[in-house]
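Asks: There's a structure below that I have some questions on.
The values are calculated or read from the model by the stated rules, or taken from the named source; none is laboratory data. If you're wondering where the values come from, they're calculated on a predicted model, not measured in any experiment. When we count neighbours, we look across all protein chains shown, and the Cβ atoms used for this are built from the backbone with ideal geometry, even at glycine.
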Amino acid sequence: MTPQDQSAVVELKIPCRPEFVGVARLAILGVASRMPFSYDEVEDIRLAVGEACTTAVERAIKANQTDTSLTITSEIADSRLTIDIVDQVAKTPPSGSEENAPVEGLDEENIGALLMELLVDEIKIEPTPGQGTRVQMIKYVG
Amino acid sequence: MNLKIDTSSLGENMSVIALEGEVDVYTAPQLKQQIITMLDSNITNIIVDLTNVEYLDSTALGVLIGGLKRLRERDGSLDLVIPNPRIRRIFEITGLDKIFDIHQTLDEAQNAEKVKGG
């Protein structure tokens, strides 16, 4: 490691399917462990990234687009870790089905979103210029 | 690491589901299926033992909430065993520790179930 603030980028591309979310979690565990985060903070980052990937995978399943890929880009800087989770799942019109309606406001999606909010310092969710969603998370050191 | 599920019966309407590994978007459907199987067998009191669970996400929480809801509709219960502070923390920060009865050990959970069962 050089003394100056030199950032490094680690990029991982996985199929947007349930069985690969664990691969993304393992990778981010490796990245976060290289930084001066506490054990709990590394766990928080792992869970937050897991939730972001899970949200993308669940949308891919609903939209029948599990043939798309999910890109997880981690930018390691001295003071912070920035993680971009970008999917290619095109928006589908709402089905209007009540089948997956939330139960007492406690559906998985809400819990996943709540966890992400609580586990990282900053989170931004926005549509990508193409067709998909970008989740950007930042965790600061110290 | 995947999910390993072991079940054991504690009487005619009480069972334990012991989980080992990771409960996530990939493996949570297995847990859901196990709970449905028990519901179909008229088991109304389930203890889910998360002692050997290394990772758990919102998908797993969703399955557990769904199970709790169905069991309560039948005047049953779904209790959890969570000695691992990291896993317990996920329930605490989401407020779900107030919805589930969470125990430190399987013995503690069994005793609580006996009290509930009369």
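Asks: Quick one: in the range B:84-110, which of the residues that are hydrophobic (A, V, I, L, M, F, W, C) and within 14 Å of another protein chain (Cβ to nearest Cβ) is nearest to the chain's Cα centre (by Cα)?
Replies: B:Phe100
Asks: Could you tell me whether B:Glu113 is out of contact with any Phe, Trp or Tyr (no Cβ under 6 Å at 6 or more places or on another chain), over 29 Å from A:Leu118 (Cβ atoms) and either among the small types (Gly, Ala, Ser) or surrounded by fewer than 22 Cβ atoms within 10 Å (Cβ to Cβ) (or both)?
Replies: yes
Asks: From the set of residues in the range B:30-77 that are in a strand (DSSP E or B), without any contact (Cβ under 8 Å) to a residue 40 or more places away in the chain and under 11 Å from the mean Cα position of the chain (by Cα), which is surrounded by the fewest Cβ atoms within 10 Å (Cβ to Cβ)?
Replies: Among those that are in a strand (DSSP E or B), without any contact (Cβ under 8 Å) to a residue 40 or more places away in the chain and under 11 Å from the mean Cα position of the chain (by Cα), it is B:Ser77.
Asks: In addition: Here's a check for you: in the range A:49-84, which residue that is in a strand (DSSP E or B) and among the charged types (D, E, K, R) is nearest to the other protein chains (Cβ to nearest Cβ)?
Replies: Filtering first and then ranking leaves A:Asp84.
Asks: Inside the range A:19-60, can you point out the residues that are hydrophobic (A, V, I, L, M, F, W, C) and free of Cβ contacts under 8 Å to residues at least 40 places away in the same chain?
Replies: A:Val21, A:Val23, A:Leu26, A:Leu29, A:Val42, A:Cys53
Asks: In the range A:19-48, which residues are among the β-branched types (Val, Ile, Thr), within 12 Å of chain B (Cβ to nearest Cβ) and touching a helix residue (DSSP H, G or I) at 6+ places or on another chain (Cβ under 6 Å)?
Replies: Matches in the range A:19-48: A:Val21, A:Val42.
Asks: Could you tell me whether the range A:52-61 includes any residue that is basic (Lys, Arg), at pLDDT 95 or above and at negative phi?
Replies: Looking through the range A:52-61, none of the residues is basic (Lys, Arg), at pLDDT 95 or above and at negative phi.
Asks: While we're on this one: Take the residues in the range B:1-22 that are within 14 Å of chain A (Cβ to nearest Cβ) and without any contact (Cβ under 8 Å) to a residue 40 or more places away in the chain, then tell me which one is nearest to B:Ala60 (Cα to Cα).
Replies: Step by step, filter the range B:1-22, then rank; the result is B:Glu22.
Asks: While we're on this one: Report whether or not A:Cys16 is in contact (Cβ under 8 Å) with a residue 24 or more places away in the chain, touching a Ser or Thr at 6+ places or on another chain (Cβ under 6 Å) and within 14 Å of chain B (Cβ to nearest Cβ).
Replies: For A:Cys16, the condition - in contact (Cβ under 8 Å) with a residue 24 or more places away in the chain, touching a Ser or Thr at 6+ places or on another chain (Cβ under 6 Å) and within 14 Å of chain B (Cβ to nearest Cβ) - is met.
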